Amino acid sequence: MHYSAAFSQAATSATAVPTISGSRHVGALHSSSSSSCTLLIPSKPINLRFCGLRREAFGFSPSAFTRCSNSQRVQLPSRRRFKGSNVSASLGDNGIPKSFDYDLIIIGAGVGGHGAALHAVEKGLKTAIIEGDVVGGTCVNRGCVPSKALLAVSGRMRELQSEHHMKALGLQVHAAGYDRQGVADHANNLATKIRNNLTNSMKALGVDILTGVGTILGPQKVKFGTDNIVTAKDIIIATGSVPFVPKGIEVDGKTVITSDHALKLEFVPDWIAIVGSGYIGLEFSDVYTALGSEVTFIEALDQLMPGFDPEIGKLAQRVLINPRKIDYHTGVFATKDGKPVTIELIDAKTKEPKDTLEVDAALIATGRAPFTNGLGLENINVVTQRGFVPVDERMRVIDANGNLVPHLYCIGDANGKMMLAHAASAQGISVVEQVTGRDHVLNHLSIPAACFTHPEISMVGLTEPQAREKAEKEGFEVSVAKTSFKANTKALAENEGEGLAK
């Protein structure tokens, strides 16, 4: 816990295949307007992932990575752009296309879809991505990117407001304050910049961006918009997720909000209840308390931070919660009524009323739900499970009879395997490897996660209880190694010795 580099290194170990793990071979694709494209592969892989985003997202020109060795050139097939309003391939007697408009169509232009599209281009596939909302999906527009902008502000505010911390470093700071609209603009401007860069990078590399809601009509056939139909040899579903709101809570977007609304920072309440103490709730508690709010956590389970290693959770509670203007209720559900926001606490076990809170606002941070409605899954006999698209270990979609749907894959939050942006990116790369002839199975235990509080919490693999449970079943012993950051010179130099590596 502390000084996590997981955000920039998030997918370094996400794939277990040397040629793509930790990096994607970066090639400079010359102008897509020419009749053909040339992929130039550097002799050494370069790590370009940042929460699943490639360097193109931050304004780096693809041509910056060009290498001019003829021996390294790989000729890609010529690309033609989708121009017609109604394009479809000729169909065989069984309704399955004989030829295709694209090698690969991706439904959803979030981090997972974007990563898959760019990797597909590198592999020489004619690729289109369908987006019914905005490029970048949750991560860029309503998640990782704007939240990190707010957390950057909260970290600096927290440090500047700590007179003891500043004095220990020999610094003097007086009357640190903030401009709410300026902070909100910082988050919004960053999201806009990254979104535009993602769009430009895909266009520059020859990915066709088709605007409209994508619906699967049948095998290898997709409709987007009103009546546009395209076909592809392979299709990837990458539609992501939306905030999950429990029954009994009505979101109004003003005083009862989700993370989507909170990231706009339209106001900073004096007292806010945060329902859920996972990653999202913890990060927003960090933001709100740094900006002056009091926070009350409402957690349905019997302990805070239930998804974390228990030892790390206890330390995090001592560092991130106890010293701050935060209190909490565990083992209770929340229902909302009235204005100001009245929250009734219901005992999670007895279902009896337990307490009532009157707060200025409530943030519903109870996780996320897959966004899979309207995909046309019924047209290919696929039934979702709690909204998630069922897939096997290779992200291949499974139908209602337990059979694999040919040439159809689902990645990211929509399949529920691991609801992290860089997991979606790693899954997309894995699928592209498969459709280009290389078998690949992603090891999800190698994918790290991080909570970007101050200090940060990062983790990878099993928690200690999970490891001990596995050891008991499989007959091996568990060893635990720990080291305190109080023995870390860099941590002590910054006067931040709280924390441990386990």
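General observations
- Protection-proxy order for peptides 138-151, 429-442, each taking the mean of Cβ atoms within 10 Å per residue, highest first: 138-151, 429-442
- Charge dipole of region 139-289 about the Cα centre (unit charges at C-beta), most positive-ward option of LEU263, ALA191, LEU217: LEU217
- About its Cα centre, the dipole of region 256-366 is roughly 80 debye, where the only charges are +1 on Lys and Arg Cβ and -1 on Asp and Glu Cβ.
- Extension gain for ASN200 to GLN303 (0.36 nm times residue separation, less C-alpha to C-alpha distance): 32.6 nm.
- Heavy atoms of the protein chains alone define the surface here; on that basis region 300-412 has 51 Å² accessible area per residue at 1.4 Å probe size.
- Two-site label geometry, GLU393 and VAL245: point separation in nm, points 7 Å out along Cα→Cβ: 4.0
- Each part gets one Cα centre, and for region 427-482 versus region 379-414 those centres are 22 Å apart.
- Here the peptides 474-481, 200-207, 341-348 are ranked by packing, the mean other Cβ count within 10 Å, and the order with the highest first is 200-207, 341-348, 474-481.
- Net length gained if the chain between ASN401 and GLU378 were fully extended (0.36 nm per residue, minus Cα distance): 7.0 nm
- By the Kirkwood approach, averaging reciprocal distances over each pair of separate Cα atoms, region 222-371 gets a hydrodynamic radius of 16.8 Å.
- Normalised per residue, the accessible area of region 102-199 is 40 Å², obtained with a 1.4 Å probe and no contribution from ligands, DNA or RNA.
- Difference of contour (0.36 nm per residue) and Cα-Cα distance, ILE209 to ASP270: 17.6 nm
- Cα-based Lys pair tally, region 196-331, threshold under 20 Å, eight or more apart or on separate chains: 4
- Ranking by accessible area, most exposed first, for ILE380, ILE237 with a 1.4 Å probe: ILE380, ILE237
- What a 1.4 Å probe finds exposed on region 256-366 is 50% carbon and sulfur by accessible area, rounded to a whole percent.
The values are calculated or read from the model by the stated rules, or taken from the named source; none is laboratory data. None of these values were measured; they are calculated from a predicted model. Counting neighbours? That spans all protein chains shown, and the Cβs are built from the backbone with ideal geometry, glycine included. Each accessible area value is taken on the protein alone, full model and side chains, heavy atoms only, with ligands, DNA and RNA left out. Shrake-Rupley method; radii C 1.70, N 1.55, O 1.52, S 1.80 Å.
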